Amino acid sequence: MTDIKPILPPAELSVKQPLLIAGPCSAESEKQVLDTACQLAELGVKVFRAGVWKPRTMPGGFEGVGSVGLSWLRRVKQQTGMYVATEVATEQHIVEALDAGVDMLWIGARTTASPFAMQQIADALQGADVPVLVKNPVNPDLELWIGAMQRLYNAGVRRIAAVHRGFTSYEKHLYRNLPHWHIPIELRRRMPQIPIIGDPSHIGGRRELIAPLAQQALDLGFEGLIIESHCNPDAALSDAAQQVTPSMLREIMSQLVVREISQMTETLTELRRRIDGIDNQLLELLAERMRVSREIGAYKKAQNMPILQTQRYDEILHNRMAQAEALGVNPEFIKSVLQAIHEESVQQQVKL
Ligand code: PEP
Ligand code: MN
């Protein structure tokens, strides 16, 4: 996927400001859509979002107003000049949304998780030059996320961006969806050409968490944010707790710090060089440790001794964690590093 194109014309994208997509979780009425949109347009929001077909975990919830909402989006375009975006999950949605002049589509997290659905969507988009945002799948599976984008790419879609909206977890947490930041970071490493848009509304699930999560996304160099905003959030028919009024959104945006890549000073370059040197040493030491470990393995084998000697392992863990504490390094972190090293050492000895 080397020839990915920007999701908006380059003139609309600034290197200094992240792209801001905002709007209600769901289109509920023409008045709610237009009131919210007019206020957001004043803030300089480029793309207005509103779901007209809503995937709900349980049946019986508000499943969106359906096709009628598309005509409200058309009015938003006419009245405000903003681009408009909505979620699509089926071929029928795509046909209707494109017919109604929707400028940008997004694939919801539940849909990204389904390769059959993604393939049908890709087939329906064949030849359509429309930007598509692909939310991460509900489960923390980077391959599924990349696979969904790859299907679109194979169908000729070139304007693709990824949306990081967090991952479900069985246990209750501070967040509605756990961010697992390492997953979008790994996506960036594997596919640097794909822009990433942070969705702090769906990660946090609560208004107060939007600002810190948005800042974290910008600090990681994400190119944009998608934030749910409603003219009367407490009365929203979906995701009420995480929506903010346009004026709250203005406040949040004014507090965000956009760090410029060009701020990267020589100091940072020098510090990175030191990190590279330390990593090299770590790798060499690990290779050496594995060699010694294999020698021990060969000895145990010759003496007919078992590979796993738990008492020795307990001792190592205990001593090294105390050492870490004394050095001001988190002992739990060292424990997980040692566990990974030990596991690999055992594997090396088993293979002998
Ligand atoms: C949404 O954007 O309102 C939505 C349904 O999101 P997700 O697919 O991330 O749950
Ligand atoms: Mn929502």
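Bear in mind that the values in this text are calculations on the coordinates, not laboratory data. Small disclaimer: the values here were computed from a predicted structure and weren't measured. Heads up, the Cβs are rebuilt from the backbone with ideal geometry, glycines too, and the neighbour counts pull from every protein chain shown.
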Quiz item: Taking springs between alpha-carbon atoms closer than 10 angstrom, which of 90, 267, 245 fluctuates most in the Gaussian network model of the chain?
Solution: 267
Quiz item: For 249, 225, what's the fewest-to-most ordering of other Cβ within 10 Å of each Cβ?
Solution: 249, 225
Quiz item: Residue-wise, which Karplus ³J(HN,Hα) couplings in Hz belong to the range 53-61, taking 6.51 cos²θ - 1.76 cosθ + 1.60, θ = phi - 60°, and x for glycine or proline?
Solution: 10, 10, x, 10, 4, 10, x, x, x
Quiz item: Under the classification rounded if a/c is under 1.5, otherwise prolate if a/b is larger than b/c and oblate if not, where does the range 10-255 fall, given a ≥ b ≥ c as square roots of the Cα gyration tensor eigenvalues?
Solution: rounded
Exercise. Taking the Cβ of each residue in 167, 333 as the centre, tally the other Cβ atoms inside 10 Å and list the residues starting with the fewest.
Key: 333, 167
Self-check item: Calculated FRET value between residue 286 and residue 259, using beta carbons and R₀ = 51 Å, to 0.05
Solution: 0.95
Quiz item: Amide H to amide H, which residues 5 or more places from residue 167 or on other chains are under 5 Å from it, using H placed in the peptide plane?
Solution: 178
Exercise. Identify which of 144, 282, 308 has the largest mean-square fluctuation in a Gaussian network model of the chain, with springs joining Cα atoms closer than 10 Å.
Key: 308
Quiz item: How about the range 1-68: which trypsin sites (Lys or Arg not before Pro) there lie in a loop by DSSP and see at most 13 other Cβ atoms within 10 Å?
Solution: 16, 56
Quiz item: Cα gyration tensor of the range 1-126, axes a ≥ b ≥ c as square roots of the eigenvalues: rounded (a/c below 1.5), prolate (a/b > b/c) or oblate?
Solution: oblate
Quiz item: What order do you get for 278, 197 when you list them from fewest to most C-beta neighbours inside 10 Å?
Solution: 278, 197
Self-check item: Additional length obtainable on full extension of the chain from residue 323 to residue 346, 0.36 nm per residue less Cα span
Solution: 6.0 nm
Quiz item: Out of residues 5 or more away from residue 227 or on other chains, whose amide H comes under 5 Å of its own, with H placed 1.01 Å from N in the peptide plane?
Solution: 21, 22, 23
Self-check item: CD proxy at 222 nm, helix term only [per DSSP H run n ≥ 4: -39500 (n - 2.57); per residue of the chain; nearest 500]
Solution: -15500 deg cm²/dmol
Quiz item: Under Stokes-Einstein, with the Kirkwood radius over Cα pairs standing in for Rh, what whole-number D in µm²/s applies to the range 116-161 at 25 °C and 0.890 mPa s?
Solution: 232
Quiz item: Which whole-Hz couplings ³J(HN,Hα) result when phi for each residue of the range 329-339 is put into the Karplus expression 6.51 cos²θ - 1.76 cosθ + 1.60, θ = phi - 60°, listed in order with x for Gly and Pro?
Solution: 10, 4, x, 5, 5, 5, 4, 5, 5, 5, 4
Exercise. Calculate the radius of gyration of the Cα atoms of the range 101-240 to one decimal place, then report Dmax, the largest Cα-Cα distance, as a whole number, both in Å.
Key: 14.9, 42
Quiz item: Can you give the three extents of the C-alpha atoms in the range 187-312 along their principal axes, from longest to shortest, in whole Å?
Solution: 75, 41, 27
Quiz item: Shape call for the range 268-350 from the C-alpha gyration tensor, a ≥ b ≥ c root eigenvalues: rounded (a/c under 1.5), prolate (a/b greater than b/c) or oblate?
Solution: oblate
Quiz prompt | Of every Cα-Cα pair in the range 179-243, the percent that sits beyond 15 Å | solution = 53
Exercise. Any chance you could check the Cα centroid distance between the range 49-71 and the range 236-295 for me, in angstrom?
Key: 36
Exercise. Normalising by the residue count of the range 204-243, find the relative contact order in percent from Cα pairs under 8 Å and 6+ residues apart.
Key: 51
Practice problem: For the range 278-289, just list the computed ³J(HN,Hα) in residue order, Karplus coefficients 6.51, -1.76 and 1.60, θ = phi - 60°, integers in Hz, with x standing in for Gly and Pro. | Solution: 5, 4, 4, 4, 4, 5, 5, 5, 5, 4, 5, 4
Quiz item: In the range 116-216, which GluC sites (Glu not before Pro) fall in coil by DSSP and have 15 or fewer other Cβ atoms within 10 Å?
Solution: 171
Exercise. Name the residues whose placed amide hydrogens come within less than 5 Å of the amide hydrogen of residue 106, ignoring near sequence neighbours (fewer than 5 apart) on the same chain.
Key: 86, 87, 88, 133
Quiz item: Taking Cα atoms, how many degrees apart are the long axis of helix 210-219 and the longest axis of the chain, rounded to 10 and kept between 0 and 90?
Solution: 60
Exercise. Can you tell me the relative contact order of the range 10-255? Whole percent, Cα pairs under 8 Å, sequence separation 6 or more.
Key: 18
